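Reviewing the structure listed below.
The values are calculated or read from the model by the stated rules, or taken from the named source; none is laboratory data. Keep in mind the model is a prediction, meaning the values are calculated, not measured. Methodologically, a virtual Cβ is constructed for each residue, glycine included, from the backbone with ideal geometry; neighbour enumeration extends over all protein chains shown.
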Amino acid sequence: MTITWRKYNLFTVSFFPEEFRPDLSILGSRSGRDADKVALTGLTPVETNGSVSFAQAELTFVCRKLYSHQFEKEKVPKDAANWIYSKGLPPHTMFIGEVIEAVERSRP
């Protein structure tokens, strides 16, 4: 499942139990442009009030996008830029959002 963030006004910020750290590592270290990285994890995507979260998240903030800014590679410190952008990927985009809802899920 590839989601193009530019199309949507909402995004989520989710909090997970420690046991899901390996899955989150996969999501945080691979590009969704190259593969379905969610399929490489044990996480289950779920619709969360007009956006996407995961069934395993204990708490999810649903946020309305207020502003986004793409980093300029030239302004990122050289040692960080060399480490982060060594594979030719474009600079990251930062979002500022307003939390419009907090969703708690109880664990079985």
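Can you spot a residue in the stretch 33-46 that is out of contact with any strand residue (DSSP E or B) (no Cβ under 6 Å at 6 or more places or on another chain), free of Cβ contacts under 8 Å to residues at least 40 places away in the same chain, among the acidic types (Asp, Glu) and under 18 Å from THR93 (Cβ atoms)? There is at least one residue in the stretch 33-46 that is out of contact with any strand residue (DSSP E or B) (no Cβ under 6 Å at 6 or more places or on another chain), free of Cβ contacts under 8 Å to residues at least 40 places away in the same chain, among the acidic types (Asp, Glu) and under 18 Å from THR93 (Cβ atoms).
The sole residue among VAL76, VAL52, VAL46, VAL62 that is among the aliphatic types (A, V, I, L, M) and in contact with a helix residue (DSSP H, G or I) (Cβ under 9 Å, 6 or more places away or on another chain) is VAL76.
Check whether at least one residue in the stretch 71-89 is touching a strand residue (DSSP E or B) at 6+ places or on another chain (Cβ under 8 Å) and touching a residue at least 40 places away in the same chain (Cβ under 8 Å), and report yes or no. Scanning the stretch 71-89, I find no residue that is touching a strand residue (DSSP E or B) at 6+ places or on another chain (Cβ under 8 Å) and touching a residue at least 40 places away in the same chain (Cβ under 8 Å), so the answer is no. Only residues that are within 19 Å of the chain's Cα centre (by Cα), farther than 27 Å from PRO22 by Cα and in a helix (DSSP H, G or I) were counted across the stretch 47-98, and they come to 0. Is it the case that some residue within the stretch 3-12 is in contact with a strand residue (DSSP E or B) (Cβ under 7 Å, 6 or more places away or on another chain) and free of Cβ contacts under 8 Å to residues at least 40 places away in the same chain? No, every residue in the stretch 3-12 fails to be in contact with a strand residue (DSSP E or B) (Cβ under 7 Å, 6 or more places away or on another chain) and free of Cβ contacts under 8 Å to residues at least 40 places away in the same chain.
Considering the conditions (1) crowded, with 16+ Cβ neighbours inside 10 Å; (2) modelled with pLDDT of 95 or more, GLU58 is excluded by exactly one of them, (1).
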